[in-house]
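This report refers to the structure that appears directly beneath it.
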Amino acid sequence: MRRFILRRLLSAVPVLALVSLIAFGVIWLVPGDPAAVFLDASATPEQLARIRHQLGLDQPFYLQMLAWYGRILHGDLGQSILLNRGVGPAILERLPVTLSLTGLALVFAVLLGVLAGLLAAMRHRSWADQSLMVLALLGLSVPDFWLGLVLIFVFAVGLGWFPASGYVPLSESLSGWWHSIALPAFTLAAVQVGFIARMTRSAMLEVLHQDFIRTADAKGLPWSVVVTRHGLPNALVPILTVIGIIAGGLLGGAVVVEQVFSLPGVGRLVIGAILSRDFPVIQGGLLFLALIYLLVNLAVDILYAVVDPRVRLE
Amino acid sequence: MAGWTRRGVLKAGTAGLTAALAPLPLAAQPRRGGTVTVAINQAPPSIDAQLTSASAARDITLHLYETLYARDENGAPVPDLAQGVTISADGLGYVFALRPGVRFHNGGTMGSADVVASIERYRKLGASANLLNAVDSVQATGPLEVTVKLSRVQSTFIDNLSSPRAPIAIYPAEEASKPAAEFKFIGTGPFKFVEYAPDSHVTLARFDDYTANPNYRKRDGFAGRKEVFIDTAVFRFMPEAGSRLAALQTGQVQIVETVDGPTAKQLQGQAAFAVHKVLPFYLQVAKFNHAQAPCDDVNFRRAVAAALDMDEIMSIAFPDIHELNGGWVFGNSPYYSKAGLDLYNIADPAKAKELLGKSSYKGETLTFMTDNTREDMDTATDIKEQLGRVGVKVELKVADWPTVSKIGFTPTGWHFWAHGFGIEPYEGPATVMSVWANGVSQQKDDPTIDQLFAGYTGEMDQGKRKDIFARFQTHMYENAVAMQLGNYGLFQVAGAKLQNFVPYRIPRLWGVWLEG
């Protein structure tokens, strides 16, 4: 197992190198000037040139790229052009927000999705099955920015149960954290609930038609035990695959949800950096998100082996 | 404005004092305490006032820092940290008397060394360092006296010192001498810095040792008397309009910097909110790239200007809040002129076709560049439609602001570019003229504009400067250097509990209080 993990980690290195190269190259091909963000429409070329010089943007492309690679090999993602601080610290100080959001959304998505999928499979072709699958389809179809705004107007403006925006750190108040993150997390989870529910249902239906399930049922085991002890563990591999995929989707969706709920997370950092051409933050942010994505996939691979001994890691 | 003399400054100060003596109505008794949260659209790139001219930064920095001179309610410069100025007869020497007893947020007292260090820092790092390009030397000539020598006469020097664009803020000398990254956000403003949560908010607290300017009795633009009643001010960065509205409705924020027209209509008449119309706030302009044919041809430019119906453009782009006024400064400016306005909004397709026939335009497709805000895209789309009616083919090129602002200052890749000017017409003629001087915005030198601009900045007599600006405006229209499409504004919304709020260029939090 240790060798497997090490090998997977090593294989991530070229992927990250490729991501960084693409990020650096693509961003430099896109026109746009970070100096313009400091100034307004009437800025003179001299003012722009002065800001560019202060920001080091007047250096040739290859020198900037070499300097950046030199820094990341020392674990330094560089200095943000606009934030007046290092890219690493800028990401780390926003990380708790994004982890809270995506972590809670993952919990919501898995709990609700698996539960809905299980219920639908157990009540196959009943009204409950149909209703749950219609709901799942609805969740898949609704854009998250729209759902977020609807939830804000119903639960924050209408009922006053949650704040309309903002983030309270967990270290400050558990209740405050829950109130600030629940609606965004549910918004982010909604799309993924549909995915997981549909995948769970189909995986379970396949398993429930297997001989060993028929045998367990014939032995007189209660149906709930047959489903949870014999059915579900055997359906977990495809469900885990979907969870691995949606973890990446959650990172992507977090960008929109952080924007709608004004959450100061990594997604918003990267979007702000893209809009203002803060190259070091874009590159560092993309590298960081790619790393998270790779780690999530590694975790999923390891979980395969845990839930299914037939999967050989070596 | 006539030359700046001590007598002139004292006269202006006395007039302001007299006007300000009217007491507050009995019902409006200020109440101390509470937190006011302002929802602003974007996070500022920096809250070091000297380093950025981004409007999002001004919302915050003008609460934290002050300048020697500041703009009053009508945009005219008046003393703030300075008591006044004496200008030498040759117009090259400015001796500033500083207000005594002004405290910094770090407990220090402002003196001439702080002013010198701050101005020197601005000359090196300031986002609009060209404001000080006529400065030859800055010296402390007394504990509360600073002498600035100019290398040439610059009639706009006090205007420049008072510019809120990227304010020439006065910092403690020890902070001004640090590298920019180590600056601690210390100023003399009525609020002091507490916290900057990236992408989330900035928190400021009332500066209890603030030395309110004794020369004023009431709030006046960015100057005047700045009394703070609230304990804390929070500026929350909320990019999503729906979230800003929801936060206002739930009482999470008390002021929204700007809402769109439909939202303003929805909130108007609701007792819980006060909707404030701020018009004019911006001026919408369509630029020509004079470095590209056929925009280098005056007949072509005049044909385009003649074709356009400004009413239609402004009604589509800014349906709820605009005014048709072709002046290149706002109507409340002492420099406002009607010179050349007979050529504004003529909307005469026949005339346009006639001029087009005389021009070098040969039916090629021209590029209209615009950023991706709805208003600027609508402006570009309608102009494209109108030009199509007179036979000018236009294609739109839409990109985000950093992209268009990079391309727009190069001589290729565009023929037309539309966007708003906010601070320029507010600041006055010199700023407006500087945009076109040296061919900066039109990408080709215009000797007449360069000459008028040089004449304006070298002329100390306000009456003569007004004439020069009128000639500039006439030249802009007669040569269709660019097109002033109209003025537009914004809606600011405050919760009804917020008392004594008066909208301005930024949501000012001095002078306001929360109802119990």
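Coordinate-derived values only; no laboratory data. This structure is a prediction, so every number in the text was calculated from the model and none was measured. Every residue, glycine as well, gets a Cβ built from its backbone with ideal geometry; the counts of neighbours run over all protein chains shown.
Can you work out the base-10 log of I(q)/I(0) for the protein assembly as shown at q = 0.11 1/Å, using the Debye formula on its C-alpha atoms alone?
Log-scaled intensity ratios, in q order: -1.33.
Exposure proxy check: A:146, A:68 ranked by fewest other beta carbons within 10 Å?
A:146, A:68
Mind giving me the nanometre distance, one decimal, between the label points for residue B:358 and residue B:139, set 7 Å out from Cα along Cα→Cβ?
Each label point is offset 7 Å from its Cα along the Cβ direction, giving 5.8 nm.
List the relative contact order of chain A as a percent without decimals, with contacts defined as Cα pairs under 8 Å and 6+ residues apart.
27
Quick one: which of B:228-240, B:379-391 comes out on top by average Cβ neighbours within 10 Å, and what's the full order, highest first?
B:228-240, B:379-391
Taking neighbour Cβ counts within 10 Å as the exposure measure, how do B:412, B:431, A:241 sort from fewest upward?
By the 10 Å Cβ count, ascending, the order reads B:412, A:241, B:431.
For the stretch B:255-269, in order, what is each residue's ³J(HN,Hα) by Karplus, 6.51 cos²θ - 1.76 cosθ + 1.60 with θ = phi - 60°, in whole Hz (x at glycine and Pro)?
Residue by residue, the stretch B:255-269 yields 9, 10, 4, 7, 10, 7, x, x, 5, 4, 5, 5, 8, 5, x Hz.
Within 10 Å of each Cβ in B:403-411, how many Cβ atoms from other chains are there, averaged over the peptide?
Counting Cβ atoms of other protein chains within 10 Å of each residue's Cβ and averaging gives 5.
Any idea which of A:60, B:495, B:268 is furthest toward the positive side of the dipole for the protein assembly as shown, if Lys and Arg beta-carbons carry +1 and Asp and Glu beta-carbons -1?
B:495
Grab the beta carbon distance between residue B:454 and residue B:271, set R0 = 60 Å, and tell me the FRET efficiency rounded to 0.05.
Taking R0 as 60 Å, the efficiency between residue B:454 and residue B:271 is 0.65.
Once the Cβ-Cβ distance between residue B:153 and residue B:74 is put in as r, and R0 is 30 Å, what FRET efficiency do you end up with, to the nearest 0.05?
It comes to 0.75.
Quick one: B:282, B:477, fewest Cβ neighbours within 10 Å first, how do they rank?
Neighbour counts put them in this order, fewest first: B:477, B:282.
If you line up the long axis of helix A:127-141 against the longest principal axis of chain A, both from Cα atoms, how many degrees apart are they, to the nearest 10?
10
Which of rounded, prolate or oblate describes chain B when judged by the alpha-carbon gyration tensor and an a/c cut-off of 1.5?
oblate
What does a probe at residue A:275 reach in the stretch B:206-249, counting residues whose amide N is under 14 Å from the point 7 Å along Cα→Cβ?
Output list for this probe position: B:237-244.
At a 10 angstrom cut-off on C-beta neighbours, averaged per residue, how do the peptides B:216-226, B:494-504 rank from highest to lowest?
B:216-226, B:494-504
Within 10 Å of each Cβ in B:198-208, how many Cβ atoms from other chains are there, averaged over the peptide?
Per residue, the average neighbour count from other chains is 4.
Report the calculated FRET efficiency for residue B:208 and residue B:184 (r = Cβ-Cβ distance, R0 = 25 Å), to the nearest 0.05.
Result of the calculation: an efficiency of 0.85.
Put a dot 7 Å past each Cα toward the Cβ at residue A:18 and residue B:29; how far apart are the dots in nm?
About 7.3 nm separates the two model spin labels.
Taking the Cβ of residue B:240 as the centre, find all other residues whose Cβ is under 14 Å away and add up their charges (Lys, Arg: +1; Asp, Glu: -1).
For residues surrounding residue B:240, the net value is -2.
Antiparallel as a % of all DSSP beta bridges within the stretch B:280-490, to the nearest 5?
60
According to a simple spin-label model (label point 7 Å from Cα along Cα-to-Cβ), what is the distance in nm between residue A:178 and residue A:140?
So the label points at residue A:140 and residue A:178 sit 3.3 nm apart.
Quote the Stokes-Einstein diffusion coefficient, in whole µm² s⁻¹, for the stretch B:422-476, based on the Kirkwood radius over alpha carbon pairs, a temperature of 37 °C and a viscosity of 0.692 mPa s.
294
Calculate, in nm to one decimal, what residue B:341 and residue B:130 gain on full extension: separation in residues at 0.36 nm each, minus their alpha carbon distance.
Extra length available between residue B:341 and residue B:130 comes to 72.9 nm.
Can you give the relative contact order of chain B as a percent, counting alpha carbon pairs under 8 Å and 6+ residues apart?
Reported relative contact order: 20 percent.
Starting from the Kirkwood radius over alpha-carbon pairs of the stretch B:210-266, derive D by Stokes-Einstein at 37 °C in a medium of 0.692 mPa s and give it in µm² s⁻¹.
Answer from the Stokes-Einstein relation: 235 µm²/s.
In what sequence, highest mean first, do A:59-65, B:141-147, B:452-458 appear when ranked by Cβ atoms within 10 angstrom?
Final packing ranking: B:452-458, B:141-147, A:59-65.
Residue by residue through A:162-171, how many Cβ atoms from other chains fall within 10 Å of the Cβ on average?
5
Distance check, please: which entries in B:149/B:466; B:287/B:397; B:351/B:393; B:338/B:466 exceed 20 angstrom between their Cα atoms?
Check vs 20 Å cut-off fails for B:149/B:466.
Label point 7 Å out from residue B:296 along Cα-to-Cβ: which residues of the stretch B:451-470 have amide N under 18 Å?
Flagged as within label range: none.
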